[in-house]
Amino acid sequence: MEFKNPLLLWAGVIAGIIWAIDYWKIFQRAQLYFPLNQHKVSWWKNGLRIVLFLIGVVGWGYLSYSLMQPRKAQKFSPSSVEVNDIVLCIDVSRSMLAEDIRPNRLEVAKERIREFARLRPTDRISIVIFSEKVFTLLPLTTDPSLVDKVLSEISIGYLGSGTNIGDGLALSVARAVNSDTKNKVIVLLTDGVANVGTMTPMQAAEEAKKYGIKVYTIGLGTDEDAKIPVGNGIFGTQYQLIPGGSIDYKVLKEISDLTGGKFYPAKSEKALRDILDDIQKLEKTEIKVNHQVVYDEKYYSYLLMGVALIFGVEVLRRLLLKDVV
C-alpha cells in the first residue's frame, strides 16, 4: 500500500479533534440545572453518548485515512513516445565567419538550429562539430535547455583550420549507431569542401547507409564572393575574400542520395529556416516506455465508511441525545 498525499492525514486529525471538542461541549459555558427529576439524565444516555463518541472517532479515523489516498500499484502500462535520434553535425571552420549572410554564417546557423531543436522536445539530440579536428560537443540527450545552451556557445578556432567533413560525418554516425529508435537522422551543415581527414565524405556516407541512418545535407553560403574578418587595422576591420560558390554541392547531394536523406542549398537565412522546417516534418518512430503505473485506488471505501459513521453519529445525537449543535 502506498499513499498519494500522506500529509493530508493531519487535516483529518485536526478536523476530528474539533469535532470531539464540539461533541463534549468542552468550551461551552457552564449551565446550572435544578435537581428536578425531569432534568436528570438517565444512565443509558450517558452510555450511549460514550458509544456514539467512540463510533465517531472510528469514523474520523476512516476519513483521515482516506484523505491520504491509499492505493496499490497493479501494473505498468506501456506508453508510446514518438522520437527521433538526431545528430547535428556542424561545420565550425573559419569560413563560417563569412558575412555574406548577416551577421555571419555561423551565427545564423546557430540561431536557426536552436529554433529547430526547441521544436523537437521529445527527440534526442546530439551535437558534433568539425573543422580540421572533430569533436562531440553533446551526446544524445532529451534536455532541450542543455541543447539550447550548448548550441549558443559554439565558436570557431579551437579545432584547427580545414574542413574535415568525412571524419565529422563518421563521428556523427558513431553517435547514432547505438540508438534503439528506428529513425536515426544526421543533419550535416557545412559551407566548404572536404580538404583534411582520414575518411572521405563518401566513405562516411557508406557507413551511415550500412546502419540505416539518413543524412540531410545543407550547403550554407551564397554564390558571391564573401568576406571573412581577419583582424583590425588602422582603417578598421580587415577582411579576407573567399571565392563564392566554394561549397561542394555535388558531394553533399551524393551523401544525401546514398543515405535516403535530402540535399538543400541554403543561400539566405530564410532559406535555412525553410530547410529546417522541411526536415522538421521527418517521420517519427514510437518507442514504448514503462513509466505509467495503473493503480487500484483504495480510498473510496474508507471515505464512504467514514462519512457513513460520522453521519450516523450526528443523526443519533439529535434524535436520541437531543443534542443541539
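The values are calculated or read from the model by the stated rules, or taken from the named source; none is laboratory data. Worth saying up front: this structure is predicted, and the values here are computed from it rather than measured. We place every Cβ from the backbone using ideal geometry, glycine too, and count neighbours over all the protein chains shown. For the accessible areas, the whole protein counts, side chains as well, though only heavy atoms, and no ligand, DNA or RNA atoms are used. Shrake-Rupley method; radii C 1.70, N 1.55, O 1.52, S 1.80 Å.
Round to a whole number: what % of the accessible area of the chain belongs to carbon and sulfur, probe 1.4 Å? All intermediate terms of the calculation are to be shown ahead of the outcome.
Working: 10720 of 17990 Å².
After summing per-atom areas, the C and S share lands at 60 percent.
Restricting things to alpha carbons, tell me how big the range 138-256 is in terms of Rg and Dmax, in Å.
16.8, 57
What are the chymotrypsin sites (Phe, Trp or Tyr not before Pro) within the range 185-282 that DSSP puts in a loop, where the Cβ has at most 11 other Cβ atoms within 10 Å?
For chymotrypsin sites (Phe, Trp or Tyr not before Pro) across the range 185-282 that sit outside H, G, I, E and B with at most 11 neighbouring Cβ atoms in 10 Å, the list reads PHE235.
Given a 1.4 Å probe and heavy atoms of the protein chains only, how would you sort TRP43, TRP10, largest accessible area at the top? Present the calculation step by step, with values, prior to reporting the outcome.
Details: TRP43 210, TRP10 150 Å².
The residues order as TRP43, TRP10, largest area first.
Roughly how much of TRP19 is accessible, in Å² to the nearest 10, using a 1.4 Å probe?
TRP19 exposes around 30 Å² with every protein chain in place.
Give me the accessible area of SER126, 1.4 Å probe, in Å² rounded to the nearest 10.
Taking all protein chains as shown, SER126 has close to 0 Å².
May I ask you to derive the relative contact order of the chain, considering only C-alpha pairs under 8 Å and at least 6 residues apart, and to give it as an integer percent?
Computed over the chain, the figure is 25 percent.
With Cβ to Cβ distances under 12 Å as the rule, what net charge do the other residues near MET1 carry (K, R +1; D, E -1)?
+1
Would you kindly find the accessible area of MET305, with a 1.4 Å probe and non-protein molecules such as ligands, DNA and RNA excluded, rounding to the nearest 10 Å²?
90 Å²
Over the chain, with a Gaussian network built from C-alpha contacts below 10 Å, which listed residue (SER155, SER172, SER66) shows the highest mean-square fluctuation?
Among SER155, SER172, SER66, the largest mean-square fluctuation in the Gaussian network model of the chain belongs to SER66.
Under 5 Å between amide hydrogens, which residues at least 5 positions from GLN240 or on another chain qualify, with H placed 1.01 Å from N in the peptide plane?
Answer set, sorted by chain and number: ILE228, VAL230.
Measuring with a 1.4 Å probe in the full set of protein chains, what accessible area per residue, in whole Å², belongs to the range 222-277? Intermediate values should be presented prior to the final figure.
Details: 3300 Å² over 56 residues.
Accessible surface, normalised per residue, equals 59 Å².
For labels at ILE18 and ARG102 in the simple 7 Å Cα→Cβ model, what's the distance in nm?
Rounded to a tenth, the inter-label distance reads 6.7 nm.
Grab the Cα-Cα distance for ILE26 and GLU132, subtract it from 0.36 nm times how many residues apart they are, and report the gain in nm with one decimal.
Extra length available between ILE26 and GLU132 comes to 29.6 nm.
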